[in-house]
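Each value in this text was obtained by applying a stated rule to the coordinates, not by laboratory testing. As the structure is a computational prediction, the values presented were derived from the model and not from experiment. Because the Cβ atoms are built from the backbone with ideal geometry, glycine has one as well, and the counts that use them run over all protein chains shown.
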Amino acid sequence: MALHPAGTPLSLPGGFFPAPQASLYLHIPFCAGACDYCDFYSLPAVPGDPRFPVFIKLLLRDTEDILRRFEVRRIPSLYIGGGTPSLLGASGIERLLEGLRSLLPEWPRELSLEANPESADAPFLAACREGGVTRISLGVQTFHEGSRRLVRRVGEGALLPERLDLVREFFPAAFSADLITGLPGQDKGVLLRDIEKLLLREPAHVSLYALSVEAGTPLEKAVRDVPPVRLPERDEADSLWLLGRDTLEAAGYTQYEVSNFALPGKRSIHNSRYWRMENWLAAGPAASATVIDDRTGTGFRYTVRPNLGAYLGRSGSAPPLTDTENLDPPTLMRETCLMGFRCIEGPDHGLFIRRFGRDPEDCLPRTCSRWRRRGLMHPGKTALNREGLLFLNPFLEDVFEELGNSLPVRSSAQGPLDG
Ligand code: SF4
């Protein structure tokens, strides 16, 4: 990654290419607390925090700037994530959505917003619905107070049923919920009760994540403390995720990505674009954007520095500090595989051929025949099957080796049962 010297704003690469069609990600870096397992960029804040108005103003200004620089004319999807966007409250989200309405060339087909139960109250949800949000993603994780306390998950499990009912009332058939398996204190009974309580509210989409202990998080320290926070043994954690998968599938949800399940027609448009590596722009501290030129198989990435103080303290009309990276064709091909093989359909063939002049099967003959022989790939499709997705990481190691490189240490592409 090419780091710009401090004080250097976003600069575009030589031979800059416009992105007439691009999704948009906005990062809201505020949370009511800090969950022990989390490694997203967020800082503690309270409802009505005095930093919110100036943050929203700068976020809108940056959005206007990038839409203009990249000559965006179509925005298929917009995702407001974090952090905890619902902490902005009804008035904050109204201001943000009103500002966006005056900036965007058209309203996106999907506008998702992440919310946490403690701040997703009726005025907030009404402001979202009236302001054009089409989909809420609610951080449930678990109803079980014991597990929540052991990982210091923000909010209270007791509030969840009521808030899920509210979300369902405002966004019927248009909300997603996150669950985590492998939490301390979780067993099969706890997980099944969590899923049962959630499915009673009929979410259109469920993300089922296996807990991973990320380096540098408080959870990493807590599992080494004396006495330690005890996570389920590896086999138990694996069987919890599998139980979750099977229960969701039995209830009619289809797994379409390594951790994501949806009712028919309810897949996430925005995340699917990430997995296909289709253009997205981004604004807000720690937000990262990728713009691709399909004609040359190259890309450009910028990441806004994760520094809220510097973000808010900019002078005049200065853009935020960013780190940038040019993606050459081999790098972009590896990333297209890294993201595409997360999905049950595999990388998009048409897009792959347009970008690289060959289809993924031609690029990976050894890997495909080896994994097909093991019964972990579809016979007629360059994609892992349902069982193969459980071993995404070793599969990607083979992919990277065949493409002439090693898998990045932290690939963010782990299968649920990968080590
Ligand atoms: S609420 Fe979400 S973003 Fe905030 S600290 Fe917890 S896991 Fe991280």
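So if each residue of separation counts as 0.36 nm, and I subtract the Cα-Cα distance between residue 328 and residue 288, what length gain in nm does that give? Let's see the in-between values first.
Details: separation 40, 0.36 × 40 = 14.40 nm, distance 1.76 nm.
My answer for the length gained is 12.6 nm.
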Taking placed amide H atoms and a strict 5 Å upper bound, the residues 5 or more places from residue 25 or on another chain that come that close are 79, 281, 282, 283
Count the DSSP beta bridges whose two residues both fall in the chain, then state the antiparallel fraction as a percent rounded to the nearest 5. 45
Enumerate the calculated ³J(HN,Hα) couplings along segment 75-85 in order (Karplus 6.51 cos²θ - 1.76 cosθ + 1.60, θ = phi - 60°), each rounded to whole Hz, writing x wherever the residue is Gly or Pro. 10, x, 7, 9, 10, 9, x, x, x, 10, x
Debye calculation, C-alpha points only, no solvent: report log10 I(q)/I(0) for segment 344-387 at q = 0.15, 0.21, 0.23, 0.34 Å⁻¹, in the same order as the q values. -0.35, -0.64, -0.75, -1.20
17 Å Cα-Cα reach of residue 197 towards aspartates and glutamates, excluding residues that sit fewer than 8 places from it in its own chain: 145, 156, 162, 165, 169, 178, 187, 246, 249
Listed residue (128, 89, 100) projecting farthest to the positive dipole end of segment 89-140, Cβ model: 100
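Report, in debye and to the nearest 20, how large the dipole of segment 23-272 comes out about its Cα centre when Lys and Arg carry +1 and Asp and Glu carry -1 on their Cβ.
Working: 29 positive and 35 negative charges, 107 e Å.
For this selection, approximately 520 debye.
Only counting other Cβ atoms within 10 Å, I'd like 58, 103 sorted with the fewest neighbours first.
On the way: 58 18, 103 15.
Starting with the residue having the fewest Cβ neighbours, the order is 103, 58.
Using the C-alpha atoms of segment 23-272, what convex hull volume per residue, in cubic angstrom, is computed? Don't skip to the end; give the middle numbers.
Numbers: hull volume 31.4 nm³, N = 250.
Output value, Cα hull per residue: 126 Å³.
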Run down the lysines and flag those whose C-alpha is under 29 Å from the C-alpha of residue 221, throwing out any fewer than 8 positions away in its chain. 188
Show which aspartates and glutamates lie in cross-link reach of residue 57 when reach means a straight Cα distance below 18 angstrom and same-chain residues fewer than eight apart are skipped. 49, 65, 94, 98
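For a protection proxy built on the mean count of beta-carbon atoms within 10 angstrom, sort 79-89, 387-397 highest first, please. Please report the intermediate quantities before stating the final value.
On the way: 79-89: 25.3, 387-397: 18.9.
Those peptides, ordered most packed to least, come out 79-89, 387-397.
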Residues meeting the amide H criterion for residue 322 (H placed from the backbone, H to H distance under 5 Å, 5 or more places apart or on another chain) are 10, 305
Only Lys, Arg, Asp and Glu count, each charged at its Cβ (+1, +1, -1, -1), so figure out the dipole size of the chain about its Cα centre, rounded to 20 debye. 560
For the chain, which semi-axes, largest first and in whole Å, follow from the square roots of 5 times the eigenvalues of its Cα gyration tensor? 30, 30, 21
Based on other C-beta atoms within 10 Å, arrange 107, 241 from fewest to most. 107, 241
Quick one: what are the phi-derived ³J(HN,Hα) couplings along segment 113-121, Karplus 6.51/-1.76/1.60 with θ = phi - 60°, whole Hz, x for glycine and proline? 9, 7, 9, 10, x, 5, 10, 8, 8
